[in-house]
Amino acid sequence: MFEIRIHSRGGQGGVTAAKLIAQAAFHDGKCATAFPFYGAERRGAPVVSFVRISDEPIKVYSQVRNPDMVVVLDASVMDATDVFAGLKEGGAVVINTTEPPSIKGHPVHAVDLTGIALRVNLVVAGSPILNTPVLGSLARIGLISKDAALKAIAETFADPRNVEAAKTAYEETKQ
Amino acid sequence: MNPLPSEEYVHKCTTACAGCTSSLSLRYVLKAAGPDTVLVVPACCTAVLQGVYPATAMNVTVYNIAFAAAAATAAGMAAAFRRQGRSTNVICYAGDGGTVDIGIQALSGALERSTDFLYICYDNEAYGNTGMQRSGSTPIGAVTTTTPAGKIDQKKDIDRIVAAHNIPYMATASAAYPQDLYAKVKKALSIPGPKFIHLLSPCPPGWRYSAERSVEVGKLAVKTGLWVLYEREHGQLKINPVSKTAMKRPVPIEDYLSVQGRFRGISKEAERALKASMEQQHRRLLAEEAGAC
Amino acid sequence: MLTTATGNKAVAAAAKEARPGVVAAYPITPQTEIVEQLANYVADGSLDADYIPVESEHSAMAACIGASAAGVRTFTATSSHGLLYMHEMLHWAAGARTPVVMANVNRALGPGWNTWAEHTDAFSQRDTGWLQVFVSTVQEAYDATLMAFRIAEDERVILPVMVNLDGFSLSHITQSLETVEVGDFIPQFHLSHAIDTEHPRGYGTMTGPDIYYRFRWDIERSMRASREVIAETEAEFARRFGRVYGPVEEYRSEDADVVIVALGTLGKEAEVAVDSLRDDGVKAGSMRLRWFRPFPRLDLSGREVVVIDRDYSFGFGGVIAQSIRATTRAEPCSVIAGLGGQEVTYDDIARFVREREAGKETWFGVSD
């Protein structure tokens, strides 16, 4: 079983990102679950959501404590939250940033998701959308297939800019 | 005067008290409504006066329901009938407690949601079924078992609350004026959407007068101007002539109060307050009818 | 069709498939997504129902009772305080023999405000005459909702059914879901005592001590008969759609020395604990209770039992532990865990089993 923890802020779509990843994994023929940890729901507060992917049905409902991968949609949450807590040895980190940090013992995949969203004008209510482009990044590093990622996005959002942003992120993510 | 239909839907075997105007009103209501009717009845005197299972005095379908739930039950029922293409009348028949107190939330919701039903509140101005405790509808000065020194608060003006929902039809009526009551129920049932009729229901044991005077007390309520008969159809108010007359040349309210034991010993202040609120209501209604508001 | 959905969306999809004529709706976290989704179905025409956006849960249940009595299939959903606010009408729905189906997203009760999973809301309604089933996956939420209509409306039952799913941990989780075309698995709605104004009747008329008890007994008789109807329905469901359900889901319990009894998502997580205990040489198994009313008959003879209650009856104990004590000869070790969404992992559950002590009650995380 592969476990992922996603850090974001309320309103950035971290919860939807988790759902989309599970949908994509499902299209890849895997079993997957996605769920948020709901605190008091408010915009801007740090939010954590989880994804589990496995070849077998998943019976675990408790939170992910030792993720195989951490996804950070908003690098500013790192000031408030230890996003690496419990991360498995050698576990990958995907960060939306223009200044990739170096984290000892962990491969870091940095991508400017905010920039990509702005470039394709994927902005809703003044906020760049991060949850669809991040699927492109995750496809690039092999978590899910590119086809499944794009399919999950297309079946969830009618706006083609979501798929476009994911394709761009796919190209721009460093393996 | 046209005779009312001879069909009876409330048989003489009710377990109502002698002189009960709730059951008398119900007789006229059902003559107007006819057999394709469901009466939705919350906890109130009517829940009791139907009789005891397996007997019933009622010759229409009666759906008894919990105290606070009449209007909401009717809402579900009306939706179900209409989608089945049935035009069955859904009529809530509820006391004042079940209307102005515990049932007001469900009533307000059903009125707001354009429910196709008629809600009738028969108002005997107290919780009669449990032995006359004060309700929000008890008038100031009246003695009940929970206001032994007379009620100190004013009667809740449910009609203005209902009017605020801007429903297509609402009216007041009284069993002492059966032709008027009959006509209002008929008209209400001819109009789609939510309708409301407020009946004053004199109650011999509760109001403490002898049973044979029920109609007289009902008429006195109107002639003193304390109970105004009117209807409001699509926002257009029409005051009954008898009430117009009462507003101009009222019978003294003392005549109404003095025949009822519940007002024995009413304070001068309470009587003044009763009169003042009556006069204020008259002014408001006359102004509305004249198109001044 | 194979897809993914949250627990809430699965319930709404199943309710749509059952074609209710009247849906009463009032929002409450974490159930709201169900009534929102049903509103969407009605708005886009995929569900032909009267959607009554009531002003309270009390009215939601009243509207369902009224519509059901008038001969129409009804559905509603609620949670926590909404369920408690309905309490009076839950008794009425069962007593009036209106086969309403309702989803209850299990949530803790205030104060303090807490929107996370707990079962006390549903167990507080245990004596209302409702059948109650608890589910543990998105698929099961869907399947149980479909079956609920058939069971509730069976002539031998005619009682309301509550489908319980854990707040957030199941209502908001995304899992795979296989939807079905229900066909005649759910027959046309037919209520033999539905209102017929050509044959007027009094419903719920004053009923004296000489006869009232017979109506109560009639509810219990139907509740007893429902065991068979549930079994038949689950067998027919398995035959048509391939997924097998029963009153209890057993996992490696056949040769187990110690059995974990739990409900909902904790009952699934317990299976992971069983695997890890088995790896360590502890012969553990689990029994996840699916039905709470009627209460299943469990065979626990010769086994030690660890009961996890996500609920509590103050002054007495965990509701499931009490029920096990009352219906079997087991002397369970009772663990109170997961209240108000308290995080309970499979490692925690394995520890409950390792540290078990027959007859003892432990509150997880409480040391004084």
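The values are calculated or read from the model by the stated rules, or taken from the named source; none is laboratory data. Note that the structure is a prediction, hence the values are computed from the model and not measured. No Cβ is skipped: glycine too gets one built from the backbone with ideal geometry, and neighbour counts run over all protein chains shown.
List of remarks:
Matching residues to (1) out of contact with any Cys (no Cβ under 7 Å at 6 or more places or on another chain); (2) within 30 Å of residue C:240 (Cβ to Cβ):
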{"residue": "C:100", "(1), (2)": "no, yes"}
{"residue": "C:117", "(1), (2)": "yes, no"}
{"residue": "C:124", "(1), (2)": "yes, no"}
{"residue": "C:131", "(1), (2)": "yes, yes"}
{"residue": "C:137", "(1), (2)": "yes, yes"}
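- Sole exception among (1) surrounded by fewer than 23 Cβ atoms within 10 Å (Cβ to Cβ); (2) within 14 Å of chain A (Cβ to nearest Cβ); (3) in contact (Cβ under 8 Å) with a residue 12 or more places away in the chain for residue C:308, by number: (1)
- One residue from B:156, B:184 being under 24 Å from residue B:289 (Cβ atoms), surrounded by fewer than 20 Cβ atoms within 10 Å (Cβ to Cβ), away from chain C (no Cβ under 14 Å) and not hydroxyl-bearing (Ser, Thr, Tyr): B:156
- Of C:265, C:197, all but one fail to be more than 25 Å from residue C:319 (Cβ to Cβ) and buried (at least 17 other Cβ atoms within 10 Å of the Cβ); the exception is C:197.
- Which listed residue, of B:99, B:46, is touching an Asp or Glu at 6+ places or on another chain (Cβ under 8 Å) and surrounded by 21 or more Cβ atoms within 10 Å (Cβ to Cβ): B:99
- Meets criteria (within 27 Å of residue A:38 (Cβ to Cβ) and at pLDDT 95 or above) for residue C:23: yes
- Among residues of region B:41-87, those that are more than 7 Å from chain C (Cβ to nearest Cβ), within 16 Å of residue C:60 (Cα to Cα) and of a type in the set (A, V, I, L, M), counted: 3
Condition check ((1) in contact (Cβ under 8 Å) with a residue 12 or more places away in the chain; (2) buried (at least 16 other Cβ atoms within 10 Å of the Cβ); (3) not in a helix (DSSP H, G or I)) across all residues:
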residue	(1), (2), (3)
A:77	yes, yes, no
A:81	yes, no, yes
A:86	yes, no, yes
A:110	yes, yes, yes
A:114	yes, yes, no
A:117	yes, yes, no
A:130	yes, yes, yes
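- Test: residue in region A:156-170 that is in contact (Cβ under 8 Å) with a residue 60 or more places away in the chain and of a type outside the set (Asp, Glu): yes
- Selection within region C:238-289 - of a type in the set (Lys, Arg), under 17 Å from residue C:300 (Cα atoms) and within 14 Å of chain A (Cβ to nearest Cβ): C:252, C:288
- Taking the criterion of being touching a His at 6+ places or on another chain (Cβ under 7 Å), away from chain B (no Cβ under 14 Å) and crowded, with 24+ Cβ neighbours inside 10 Å, the only residue of region C:77-131 that qualifies is C:106.
- Of all the residues in region B:276-293, those that are more than 20 Å from the chain's Cα centre (by Cα) and either in contact (Cβ under 8 Å) with a residue 60 or more places away in the chain or buried (at least 17 other Cβ atoms within 10 Å of the Cβ) (or both) number 1.
- Taken together, C:292, C:215 contain a single residue that is within 14 Å of chain B (Cβ to nearest Cβ) and in contact (Cβ under 8 Å) with a residue 12 or more places away in the chain, which is C:215.
- Among the numbered conditions (1) within 30 Å of residue C:3 (Cβ to Cβ); (2) of a type outside the set (Asp, Glu); (3) out of contact with any Asp or Glu (no Cβ under 9 Å at 6 or more places or on another chain), the only one that residue A:69 does not meet is (3).
- Among the residues of region B:1-39, those that are among the aliphatic types (A, V, I, L, M) and under 16 Å from residue B:214 (Cα atoms) comprise B:16, B:18, B:24, B:26.
- Comparison of C:292, C:352, C:364, C:314 shows that the only residue that is touching a Phe, Trp or Tyr at 6+ places or on another chain (Cβ under 8 Å), closer than 17 Å to residue C:122 by Cα and of a type in the set (A, V, I, L, M, F, W, C) is C:292.
- Check on residue C:216, under 26 Å from residue B:74 (Cα atoms) and of a type in the set (D, E, K, R): yes
- Count of region C:19-35 residues which are out of contact with any Leu (no Cβ under 6 Å at 6 or more places or on another chain) and under 21 Å from residue C:72 (Cα atoms): 9
- The residue that is nearest to the other protein chains (Cβ to nearest Cβ), among those in region B:88-112 that are within 13 Å of residue B:126 (Cβ to Cβ) and assigned to a helix (DSSP H, G or I), is B:98.
- In the set (1) among the β-branched types (Val, Ile, Thr); (2) touching a strand residue (DSSP E or B) at 6+ places or on another chain (Cβ under 6 Å); (3) farther than 26 Å from residue B:79 by Cβ, residue C:101 fails one condition alone, (3).
- Checked against the criterion of being among the small types (Gly, Ala, Ser) and surrounded by fewer than 23 Cβ atoms within 10 Å (Cβ to Cβ), the candidates B:87, B:135 yield just one match: B:87.
- Residue count for region A:10-48, restricted to those that are part of a strand (DSSP E or B) and modelled with pLDDT under 90: 2
- For first residues located in region B:1-19 and free of Cβ contacts under 8 Å to residues at least 40 places away in the same chain, partners that are outside any loop (DSSP other than H, G, I, E, B) and of a type in the set (S, T, N, Q) and lie 6+ apart or on another chain with Cβ distances below 8 Å form the pairs B:16/B:22; B:16/B:23.
- Only listed residue being over 17 Å from the mean Cα position of the chain (by Cα) and within 22 Å of residue C:139 (Cβ to Cβ), chosen from C:334, C:286, C:313: C:286
- Residue match in region A:20-31 (condition: buried (at least 21 other Cβ atoms within 10 Å of the Cβ) and at positive phi): no
- Residues located in region B:34-43, provided they are surrounded by 24 or more Cβ atoms within 10 Å (Cβ to Cβ) and not β-branched (Val, Ile, Thr): B:39, B:42
- Checked across region B:117-130, the condition of being in a helix (DSSP H, G or I), closer than 16 Å to residue B:202 by Cα and modelled with pLDDT of 95 or more holds for no residue.
Residues checked against (1) without any contact (Cβ under 8 Å) to a residue 12 or more places away in the chain; (2) surrounded by 14 or more Cβ atoms within 10 Å (Cβ to Cβ); (3) within 30 Å of residue C:356 (Cα to Cα); (4) among the acidic types (Asp, Glu):
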residue	(1), (2), (3), (4)
C:206	yes, yes, no, no
C:210	yes, no, no, yes
C:223	no, yes, no, no
C:226	no, yes, no, no
C:234	no, yes, no, yes
C:245	no, yes, yes, no
C:248	no, yes, yes, no
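- Residue count for region C:298-312, restricted to those that are closer than 10 Å to residue C:331 by Cα, among the charged types (D, E, K, R) and touching a Ser or Thr at 6+ places or on another chain (Cβ under 9 Å): 1
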